[in-house]
1. Modelled label-to-label distance, residue 165 and residue 122, 7 Å Cα→beta-carbon offset: nm?
2. Excluding residue 25 itself, what net charge comes from residues whose Cβ is under 12 Å from its Cβ, given Lys and Arg +1 and Asp and Glu -1?
3. What does the charge count near residue 42 come to, summing +1 for each Lys or Arg and -1 for each Asp or Glu among other residues with Cβ under 15 Å from its Cβ?
4. Normalised radius of gyration for segment 66-174, please: alpha carbon Rg relative to 2.2 N^0.38 Å, two decimal places.
5. Taking a 1.4 Å probe, which of 53, 65 shows the most accessible area, and what order do the others take after it?
6. How far is the Cα center of segment 74-133 from the Cα center of segment 25-73, in Å?
7. Remind me, what semi-axes does segment 69-108 give for its equivalent ellipsoid, largest first in whole Å, using sqrt of 5 times each Cα gyration tensor eigenvalue?
Amino acid sequence: NDVSEGEANRTGVEARIKMIRAILVINNNGKPRLLKFYEYTREDRQQEIIKECFNLVTKRGEELCRFVECDNLFEEETLVVYRKYATLFFIFCVDRAESELGIIDLIQVFVETLDKYFENVCELDIIFHMDKVNYILDEIVVGGLVMEPNNADVLEALAATKREELGYRASALPAISRIMPPSR
C-alpha cells in the first residue's frame with residue numbers, strides 16, 4: 001500500500017515508493033556489461049549482488065517464469081525479474097510491490113529501443129557505446145522510477161539530442177576556422 005509523504009509524516013508510517021533497485025546486464029560468462037544501482041550499495045556488496053543474480057538466473061530452467069523473490073539481495077524483499085536475449089541477461093532487481101509483468105514489459109522496451117537505435121544490438125554495442133546505452137536507460141528509468149515506457153518517445157529524444165549535437169558541431173566549424181586557419 002503506497003502512502004503519500006504527507007500522510008507518512010502525519011501517521012508516522014514510512015512512505016513506501018515502488019522502485020527499481022538495480023539494473024544489470026550480464027553476459028553468459030557472468031561478465032557485467034551494464035550496472036546501474038539506484039540506491040547506495042557498497043562496491044563489494046554490488047559484486048556479491050551481481051554474482052548472486054547471475055547464479056540465480058542461470059540455474060533456473062527455461063520452463064520456469066522469469067521472476068523470482070529474493071530476500072537476501074537488498075535490505076528489503078526484492079524481486080528479480082529477467083529476460084535473456086542472445087548472450088545477455090537483462091536483470092532488474094525491483095521492490096516487491098512492483099508488477100512482475102510490468103517489469104518484463106519494461107525490459108522489452110529497453111531491449112527494443114537498443115535494438116532500433118543500434119540496428120540489431122549486440123554485446124559489443126553495449127561495451128563500446130556505453131554512453132548511448134546509459135542515455136537510453138536514463139530516458140526510461142530515472143532514480144529507480146519508470147519515466148518513459150514508450151520506446152518511440154525514447155528514440156525521438158535520442159534523435160533530438162543527435163540533431164542538437166550535429167547543429168552545435170556545424171555552428172562551431174566557422175568559429176574554429178577563424179581561430180585556426182586551414183594548414184597548407
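1. Calculated label separation equals 2.1 nm.
2. Values: positive: 31, 33, 36, 83, 84; negative: 123, 125.
Residues close to residue 25 contribute a combined charge of +3.
3. Numbers: positive: 21, 45, 51; negative: 39, 43, 44, 48, 52, 75.
Spelling it out: positives minus negatives among the neighbours equals -3.
4. Details: Rg = 16.3 Å, N = 109, 2.2 N^0.38 = 13.1 Å.
Output field value: 1.25.
5. Values: 53 0, 65 65 Å².
The most accessible residue leads, giving 65, 53.
6. After rounding, the separation between the Cα centres reads 12 Å.
7. Details: eigenvalues 74, 30, 6 Å².
Working through the eigenvalues yields semi-axes of 19, 12, 5 Å.
The values are calculated or read from the model by the stated rules, or taken from the named source; none is laboratory data. What you are looking at is a predicted structure, and each value in this text was computed from that prediction instead of being measured. Note: ideal-geometry Cβ built from the backbone for every residue, glycine included; neighbour counts use all protein chains shown. Ligands, DNA and RNA are excluded from the accessible area calculation, which covers all protein heavy atoms including side chains. Shrake-Rupley method; radii C 1.70, N 1.55, O 1.52, S 1.80 Å.
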